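Before any comments, here is the structure.
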Amino acid sequence: GNSVTQMEGPVTLSEEAFLTINCTYTATGYPSLFWYVQYPGEGLQLLLKATKADDKGSNKGFEATYRKETTSFHLEKGSVQVSDSAVYFCALKPLGGGTSYGKLTFGQGTILTVHP
Amino acid sequence: DVKVTQSSRYLVKRTGEKVFLECVQDMDHENMFWYRQDPGLGLRLIYFSYDVKMKEKGDIPEGYSVSREKKERFSLILESASTNQTSMYLCASSYRDRRNSPLHFGNGTRLTVT
């Protein structure tokens, strides 16, 4: 079946530090890949996405590249801010129809805390 | 902007009660989902619906049922609440057949069963 594995948190960084959150996946074919972010007290919001190999998703200074050869979609940001403190989820949507019907499989989430 | 609204932010119920969690979306999405979020376990799919009156079990359907009588509304029902159903419940919606279509989430309902 499909699965997503994220690096374990929590991750604690100082402001302006470089961020990497690792994400690897197992799936048949070429799924679409997503990063979602959940700020305290809120639901999940889409951060970025990529739908085919070598695609790079980017938003708000965050980037992730769809790497088919390593089945990875690592999230990076060059300089984090206190406001980036949140929980980050990697997710995949399998290719094809049938009962997949757009279901996403999520990783376990990584808590990021950024200190001033 | 897509809006997914969950009727309650916080609920406290007693063991054995029947509990209804309501979710409404305003984007005419075909798909609607109920997830449960627990620390260290991420999001786990309880049920989803791909059309009115249509539903499929997710990964952890035991102890839950759902209802979708109208396209915009998807209800999660706990027939007899138990303490192990204390959790954060997230509703989401999306288009059905668009590969790039992301899920849009509500703000969640934190349910405590005592």
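The values are calculated or read from the model by the stated rules, or taken from the named source; none is laboratory data. Computed from a predicted model, the values in this text were never measured in an experiment. Here the Cβ is made from the backbone with ideal geometry for all residues, glycine too, and neighbour counts use every protein chain on show. Protein only, heavy atoms only, side chains kept; ligands, DNA and RNA dropped before computing areas. Shrake-Rupley method; radii C 1.70, N 1.55, O 1.52, S 1.80 Å.
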Whole-Å distance linking the alpha carbon centroid of segment A:34-55 with that of segment B:14-37 is 21
Find which of A:71, A:37, A:87 sits farthest along the positive direction of the dipole of segment A:21-116, computed with +1 on the beta-carbon of Lys and Arg, -1 on that of Asp and Glu, about the Cα centre.
A:71
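Just in segment B:35-92: which trypsin sites (Lys or Arg not before Pro) are loop by DSSP and have at most 10 other Cβ atoms within 10 Å?
Numbers: sites: B:36, B:44, B:53, B:55, B:57, B:68, B:70, B:71, B:73; in loops: B:53, B:71.
The qualifying sites are B:53.
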For chain B, the Kirkwood Rh over every pair of distinct alpha carbons, in Å, works out to 14.0
First compute the accessible area of the protein assembly as shown with a 1.4 Å probe, then give the percent of it belonging to carbon and sulfur atoms.
48
Per-residue accessible area for residue A:69 at 1.4 Å probe radius, Å² rounded to 10?
130
Which value, in Å² rounded to 10, gives the accessible area of residue B:51 with a 1.4 Å probe and all protein chains present?
60
At a probe of 1.4 Å, how much accessible area disappears from chains B and A on forming the pair, both sides counted, to the nearest 100 Å²?
1900
Ranking by accessible area, most exposed first, for A:84, B:59 with a 1.4 Å probe
B:59, A:84
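Across every pair of different alpha-carbon atoms, what Kirkwood hydrodynamic radius in Å does segment A:2-116 reach? List each step's numbers first, then the result.
Numbers: mean 1/r = 0.0702 Å⁻¹.
After inverting the mean inverse Cα-Cα distance, the result is 14.2 Å.
Select from segment A:2-56 those trypsin sites (Lys or Arg not before Pro) which occupy a DSSP coil region and have at most 14 other Cβ atoms within 10 Å, ordered by residue number. Before the final figure, lay out the partial values.
Working: sites: A:49, A:52, A:56; in loops: A:52.
Counting only loop positions with at most 14 other Cβ atoms within 10 Å, the trypsin sites (Lys or Arg not before Pro) in segment A:2-56 are A:52.
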Once you treat every alpha carbon in the protein assembly as shown as an equal point and sum by Debye, what is log10 I(q)/I(0) at q = 0.10 Å⁻¹?
-0.45
